[in-house]
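**Q** Handing you this structure, nothing more for now.
The values are calculated or read from the model by the stated rules, or taken from the named source; none is laboratory data. On a predicted model such as this, the values are computed, not experimentally measured, just so you know. Neighbour counts run over all protein chains shown; Cβ positions are idealised from the backbone, glycine included. Only protein heavy atoms, including side chains, enter the accessible area calculation; ligands, DNA and RNA are left aside. Shrake-Rupley method; radii C 1.70, N 1.55, O 1.52, S 1.80 Å.
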Amino acid sequence: MIIQSKRSLRIAHVTDCHIYNNTRVISSMKRMFTGLEAMEDKPSIIINTGDTILDANFKKRSIIEERWEIWSRITSAVSMPIYSLLGNHDVVLPPVFRFLKALYNPFPDKILALQTLKMPGLYYSFNLNGWKFIGLNSIAKRYALDDKQFEWLDRELASTTLPVCIFSHVPLVSVASFIYHLQKKRWWAFPRKEMQSDSFKLQALFKQYKNVKLCLSGHVHYTDDVEYNGVRYLCGGAVCGEWWKGPSDQFPPEYTIIDLYEDGKVEKQLVYLTHDQ
């Protein structure tokens with residue numbers, strides 16, 4: 001007799017919403033969350049892997065505050081807990097430009113983002129229904145973990161025997177990142193701009209911990225599903241598609257419903273979105 005694995009929980013993975021003050025954007029976002037709430041078998045939680053707002057880079061304080069207020073307003077009626085991360089568009093700039101940012105927009109945008117997203121820290125973990133979830137800060141060191149965060153991740157993995165889902169903004173392993181660079185003819189920037197530059201270091205770490213089962217990410221606006229060395233890597237397509245202008249190349253706007261099972265099995269289904277006109 002075949003014993004069926006029991007589902008532990010269902011999650012919704014959303015990424016790259018890139019919200020700004022636009023009637024079409026706001027109504028489309030509301031409709032997405034209304035659809036999640038209306039599901040007969042709705043998710044237990046939502047994981048948001050960043051780039052929640054459209055471009056904090058060199059924006060005035062009032063504009064950034066307005067965009068975070070829109071996210072708060074839209075999600076205020078959502079009954080499911082939302083676990084979020086920061087994306088590169090949420091907080092600004094590589095170090096070389098920070099002095100310009102300080103002159104143009106001198107306020108702690110990272111603190112505002114953390115507060116609005118109700119994040120306990122730049123990276124964090126939690127357990128739920130027999131799984132351990134670990135949220136990483138991809139933008140700590142230009143799309144890599146700094147030493148402190150990497151050591152923390154090692155300790156977190158060593159402390160559990162539960163199946164582990166790691167989520168990050170920037171992909172850890174991704175075909176989508178590579179294809180994106182071929183598509184855009186930016187081969188010179190791969191993987192620096194679209195995949196974490198410490199990918200090999202992270203893969204070596206995961207090889208020590210066989211209970212790492214799933215890694216979720218966004219950032220690329222493309223969708224892929226890669227199983228590599230015993231870990232499944234899902235890069236989610238952007239909720240905004242191509243910056244709210246339609247599909248991002250061949251990838252329409254979407255989010256992902258993911259079922260996690262007691263034995264570490266992962267099943268997914270893509271939900272394609274039609275933006276309001």
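**Q** Taking the Cα centre of segment 193-250 as origin and charging only Cβ (+1 Lys, Arg; -1 Asp, Glu), how large is the dipole, in debye to the nearest 20?
**A** Here segment 193-250 has a charge dipole of around 320 debye.
**Q** Say the cut-off is 30 Å between C-alpha atoms; which of 59/141; 110/207; 110/193; 148/207; 42/132 go over it?
**A** Check vs 30 Å cut-off fails for 110/207.
**Q** So, one more: Per residue, how many Å² of accessible area does segment 1-73 show with a 1.4 Å probe? List each step's numbers first, then the result.
**A** Values: 3410 Å² over 73 residues.
That works out to 47 Å² per residue.
**Q** Next question, about the same structure. How far is it, in nm, from the label point at residue 250 to the one at residue 155 when both lie 7 Å from their Cα along the line to the Cβ?
**A** Here the modelled spin labels are 4.5 nm apart.
**Q** Using label points projected 7 Å from each Cα along Cα→Cβ, tell me how many nm separate residue 21 and residue 111, to one decimal.
**A** A separation of 2.3 nm, rounded to one decimal place.
**Q** Here is a follow-up. Each residue of segment 158-171 in order: what ³J(HN,Hα) in whole Hz does its phi give by Karplus 6.51 cos²θ - 1.76 cosθ + 1.60, θ = phi - 60°, with x for Gly and Pro?
**A** 5, 8, 9, 10, 6, x, 10, 10, 9, 10, 8, 6, 8, x
**Q** Now for a different question. Of 80, 152, 241, which is farthest towards the positive pole of the chain's charge dipole, taken about the Cα centre with +1 and -1 on the beta-carbons of Lys, Arg and Asp, Glu respectively?
**A** 152
**Q** Right, something else. For residue 198, list long-range residues whose amide hydrogen, built 1.01 Å from N in the peptide plane, is under 5 Å from its own amide hydrogen.
**A** 145
**Q** If I model a spin label as a point 7 Å beyond the Cα along the Cα-Cβ vector, how far apart are those points for residue 209 and residue 40 in nm?
**A** So the label points at residue 209 and residue 40 sit 3.8 nm apart.
**Q** In the chain, carbon and sulfur make up what percent of the accessible area (probe 1.4 Å)?
**A** The value for the chain is 55 percent carbon and sulfur by accessible area.
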